[in-house]
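Enquirer: Input: one structure, supplied below.
The values are calculated or read from the model by the stated rules, or taken from the named source; none is laboratory data. Everything numeric in this text was worked out from a predicted model, so none of it was measured. With ideal geometry, Cβ positions are generated from the backbone for all residues, glycine too; neighbour counts draw on all protein chains shown.
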Amino acid sequence: MLKRYNSFVKRINESDESFINDVPNNEVKKFNGMTDYTQLSPQATEDDILELSEKARIINPKSICILPNMVKFGKEVLKDTNILICTVISFPEGTNTLEQKLSENKKALLDGADEIDMVLDYQRLLENWDDQTQSLDRKEHDYLIQDIKQLADICHKSKKILKVIVESGNLDIPQTKYVTTLCIDGGADFIKTSTGKVDVGAELDKVKIMNETITEEGSDLQIKASGGIRTIEDQKRFFPFVQRFGMGSDSVDKINGIEKSEQGDY
């Protein structure tokens, strides 16, 4: 691993120009600083996370987003930087029990995670949704609130951030509005559009509904657009309405002119 690290750093130092493309540098930097630079492949090794981390030193994203089993390693590699460590909980289905989510969350924080992206049990919402009332009954509503609130409380006690992934591509407009209020009432810091693992990721109309609902409620909930965000043009379309992007490392590398590596889409 050390040999690969030295080789990679040497390659960066010898060819800085290869890491720069034609996109205006200040615009790239702005969006980099709003981006969770993501590598969530189950096959990712420590070498892969090391390379991701060293590229992150060049790109300077808001965070690297990695699987829980890599959090401790990523934290160690980037401990001398301001780059945050983000990880996912109950990913990608969101169907883990609340007890399982709490256990995963506690371990991730102990390992050094700065931000938690938890998948809401949106499938439970879909299964129990009442089309007539455009809502859930009290029992299901309260369950999903607790799905958020208990994790939010733990994160906030440690001064960490909770983002809630709602898989909005699988929701209709009323359901999108509903989960936005759930995130507000549950005390989340961000509502996040997608895991990037379903057919439909971030959609502008759904993000606008989230933004309108947040404004109506007078909330400071923020929005993370993820799933299918792959170009700077995509970022520009969503930028007026979101505060964070989740993007696969390949897409971020391409925007920044970094040579392609074999990493998964997001």
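Enquirer: Condition check: surrounded by 17 or more Cβ atoms within 10 Å (Cβ to Cβ), at pLDDT 95 or above and assigned to a helix (DSSP H, G or I). Does F31 satisfy that?
Expert: Yes.
Enquirer: What residue, among those in region 119-148 that are of a type in the set (D, E) and either touching a residue at least 24 places away in the same chain (Cβ under 8 Å) or loosely packed, with under 15 Cβ neighbours inside 10 Å (or both), is nearest to G94 (Cα to Cα)?
Expert: Within region 119-148, the match that is nearest to G94 (Cα to Cα) is D121.
Enquirer: If a residue has to be surrounded by 24 or more Cβ atoms within 10 Å (Cβ to Cβ) and under 17 Å from K224 (Cα atoms) to count, how many in region 149-178 make the cut?
Expert: The total comes to 7.
Enquirer: Tell me, which helices (runs of 4 or more DSSP H) wholly within region 152-266 include 1 or more residues that are within 17 Å of G33 (Cα to Cα)?
Expert: 232-238, 249-255
Enquirer: Then there is this: If I go through region 63-76 residue by residue, how many of them are out of contact with any Asp or Glu (no Cβ under 6 Å at 6 or more places or on another chain) and crowded, with 22+ Cβ neighbours inside 10 Å?
Expert: Total meeting the criteria: 4.
Let's see how each residue does on (1) over 14 Å from V164 (Cα atoms); (2) modelled with pLDDT under 95; (3) among the aliphatic types (A, V, I, L, M):
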site: V200; (1), (2), (3): yes, no, yes
site: S219; (1), (2), (3): yes, no, no
site: A225; (1), (2), (3): no, no, yes
site: I229; (1), (2), (3): yes, no, yes
site: M247; (1), (2), (3): yes, no, yes
site: S251; (1), (2), (3): yes, no, no
site: Q263; (1), (2), (3): yes, yes, no
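Enquirer: Provide a single number: the residues in region 44-56 that are of a type in the set (D, E, K, R), touching a Lys or Arg at 6+ places or on another chain (Cβ under 9 Å) and surrounded by 18 or more Cβ atoms within 10 Å (Cβ to Cβ).
Expert: Selection size over region 44-56: 1.
Enquirer: Continuing with this model, one more query. Would you pick out the residues in region 165-204 that are within 17 Å of E217 (Cβ to Cβ) and of a type in the set (K, R)?
Expert: Result: K177, single match.
Enquirer: Is it fair to say K10 is modelled with pLDDT of 95 or more, among the charged types (D, E, K, R) and either assigned to a helix (DSSP H, G or I) or more than 29 Å from D147 (Cβ to Cβ) (or both)?
Expert: Here the answer is no, as K10 does not meet what is asked.
Enquirer: Kindly list the number of the only condition in (1) surrounded by 15 or more Cβ atoms within 10 Å (Cβ to Cβ); (2) under 15 Å from the mean Cα position of the chain (by Cα); (3) at pLDDT 95 or above that fails for F241.
Expert: So F241 meets the others, but not (2).
Enquirer: Right, something else. Would you mention how many residues in region 207-233 are of a type in the set (D, E, K, R), touching a residue at least 12 places away in the same chain (Cβ under 8 Å) and within 22 Å of E115 (Cβ to Cβ)?
Expert: 2
Enquirer: Of all residues in region 70-122, how many are closer than 15 Å to I165 by Cβ, within 16 Å of the chain's Cα centre (by Cα) and part of a helix (DSSP H, G or I)?
Expert: Qualifying residue count, region 70-122: 2.
Enquirer: Return yes when S41 is crowded, with 17+ Cβ neighbours inside 10 Å and part of a loop (DSSP other than H, G, I, E, B) and no when it is not.
Expert: Against the criterion (crowded, with 17+ Cβ neighbours inside 10 Å and part of a loop (DSSP other than H, G, I, E, B)), S41 qualifies.
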